[in-house]
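What follows is calculated from the coordinates using simple rules that are stated; it is not laboratory data. Just so it is clear, the structure is predicted and the values come from calculations on it, not from any experiment. Here Cβ is always computed from backbone atoms with ideal geometry, including for glycine, and neighbour counts include all displayed protein chains.
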């Protein structure tokens, strides 16, 4: 399959580009880690595939309109003393 055909079929199947799809998955993982762990933003950036915390912060702010730290303060089950294993997962990106 040619690259052009793959990109067109991917867009038709998912409604988005491969790059946007991958970014959405990475941000979903990051949100989950921010909600359920006390890992540093730097560690979460690495685990989420962003490489650097500054790259994570850029994409996070662009997509969600807040910093990772602000998201953690607002949605973290860990900071509220809730057992993270029983806390609901974030839905969507």
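Show me 30-40, 58-68, 9-19 ranked by packing, highest mean number of other Cβ atoms within 10 Å first.
Numbers: 30-40: 18.4, 58-68: 15.3, 9-19: 11.1.
My ranking of the peptides, most packed first, is 30-40, 58-68, 9-19.
For a test of the definition: using alpha carbon positions, the gyration tensor, and the 1.5 limit on a/c, classify the range 1-61 as rounded, prolate or oblate. Here the range 1-61 falls in the prolate category.
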